[in-house]
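The values are calculated or read from the model by the stated rules, or taken from the named source; none is laboratory data. Worth saying up front: this structure is predicted, and the values here are computed from it rather than measured. Note that each Cβ is placed from the backbone with ideal geometry, even for glycine, and that neighbours are counted across all protein chains shown. Note: accessible area is taken over every heavy atom of the protein model, side chains too, but ligands, DNA and RNA are not part of it. Shrake-Rupley method; radii C 1.70, N 1.55, O 1.52, S 1.80 Å.
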Amino acid sequence: MRRVVVTGAGALSPLGNDWPTVFARLQAKKNAVQVQPDLKQYAGMQTHLAAMCAPYTLDEKVYNRKTMRGMGKVAQMATKASEVALKEAGLFGDPVLKSGKVGVSFGSSSGSPAFIADFGRMLLNKSTDGVTATTYIKMMSHTAPVNIGVFFGLTGRIITTSSACTSGSQGIGYAFEAVQSGKQVAMLAGGAEELDPTQAAVFDTLFATSTQYNDRPRMTPRPFDKERDGLVLGEGACTFVLEEYEHAKARGAQMLGEIVGYGTNCDGTHVTQPQSATMAQAMRLALEDAGLPGGAIPYVNAHGTSTDQGDVAESQATQAVLGSRTAISSLKSYMGHTLGACGALETWMTLEMMKAGWFAPTLNLQQVDPRCGELDYVLAGGRKLETEFAMSNNFAFGGINTSLILRRI
């Protein structure tokens, strides 16, 4: 089996769009949650909080009417992140992109919701007014990977991972397997999500959003905390260039880290009630894939959504697999739940924290819920830790569980 390394990464996030900016924000212990006035317009909407993506620019000469005709915001963000990743990898414009040896494995929870609404109006009004030749392209669940492929002229395989909160982590995992098996030399991998009121409504109706802190946005979300009251939505995009090690080495590419293990499975019981036992099994699958014992993982980047059942199930599963001495923290306390982007953004930040030898604490975690697993919750000033390996976990609606194991190079 071939080794798979990260040779490029591009990100758009609520904390910033480059690592120095994000790192400074993490060290300042300041989250990006704010009151989102748009949410207040909807009767019945209980949460008014969100974490918007930091501003970014698109070169009008490149991102023009022709190249963007099939893109909604989620596809634009995904493509921009991919451009940054390819440039960092030194592969932007390289002939290998059109050789059939490079593909895309990428996901989002859905396409751009505004264009789904156009079809809703068609059904309601019995009129196709407002529906255009590109409406479906912008709303389809695989709009991000398809637009990435078209924009860069990729002719390898396309794997679309529209699996809610595991869209990004599955994007990385399946890209890892494609390169590891020799099916592709390199893959663009990750996930993206644009913030939309419909997504807030999904979690609001499940009583899973944070509502008690609408007037104190910096005090939430509170992963694993006894006083947590739900998640806060965010938005962003993140793309990795995953490349076969020997290919990367031969061209003198920089290597940001290595993916060494991936595990994924399904609870098979309930769409919205997470199961600790199968979460734990996903972690064991990743460890088995990496050929590592649980003791080799001193830090876990948690899914940590700040939901009542999710935090308890995840922390108990982590303890069952890795023991009580494992350090754990949740980056969602800084940037909210970026849904389809979270697996990729959190993996990127975990790789960078490994290189820095410092791991961010979970913000707002003041008193660990006694129902949560016994773990080494990273608090206050963060944690200085030199480690070769780390784990990043994500879990989604439908009982989809993912676990990635990362290696510092």
Need one word for the chain: rounded, prolate or oblate. Basis is the Cα gyration tensor (sqrt eigenvalues a ≥ b ≥ c); a/c below 1.5 gives rounded, then a/b vs b/c decides. oblate
Using a 1.4 Å probe on the protein chains only, how many percent of the accessible area of the chain belongs to carbon and sulfur? 53
Surface accessible to a 1.4 Å probe, per residue, for the residues of the chain, Å²: 39
Report the paramagnetic label zone for residue 249: residues of the range 1-27 whose backbone N is under 17 Å from a point 7 Å from Cα along the Cα-to-Cβ axis. 1-7
Charge tally in the Cβ shell below 13 Å around residue 204, where Lys, Arg are +1 and Asp, Glu are -1, residue 204 excluded: -1
Less than 15 Å Cβ to Cβ from residue 181, Lys/Arg counted +1 and Asp/Glu -1: what total charge do the surrounding residues give? 0
Please return the longest stretch of the chain lacking exposed loop sites, where GluC sites (Glu not before Pro) count only if DSSP places them in a loop and at most 16 other Cβ atoms lie within 10 Å. 61-226
Using a Förster distance of 35 angstrom, determine the FRET efficiency expected from the C-beta separation of residue 271 and residue 128, and round it to 0.05. 0.60
Gained length - residue 29 relative to residue 155, 0.36 nm times residue gap less alpha-carbon distance: 41.1 nm
So which trypsin sites (Lys or Arg not before Pro) in the range 71-127 end up in coil per DSSP with only 13 or fewer other C-beta atoms within 10 Å? 126
Please identify the trypsin sites (Lys or Arg not before Pro) of the range 263-349 that satisfy two criteria: DSSP loop assignment and at most 16 other Cβ atoms within 10 Å. Which are they? 325
222 nm mean residue ellipticity, helices alone, for the chain (DSSP H n ≥ 4; -39,500 (n - 2.57); rounded to 500): -10000 deg cm²/dmol
Surrounding charge for residue 254, neighbours by C-beta under 13 angstrom, Lys/Arg +1, Asp/Glu -1, total +1
In terms of the charge dipole of the range 238-394, which places +1 on Lys and Arg and -1 on Asp and Glu at the beta carbon, the residue among 313, 345, 271 farthest towards the positive end is 345
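How would the range 1-125 be classified by its alpha-carbon gyration tensor: rounded, prolate or oblate, with rounded meaning a/c under 1.5 and the a/b versus b/c comparison settling the rest?
oblate
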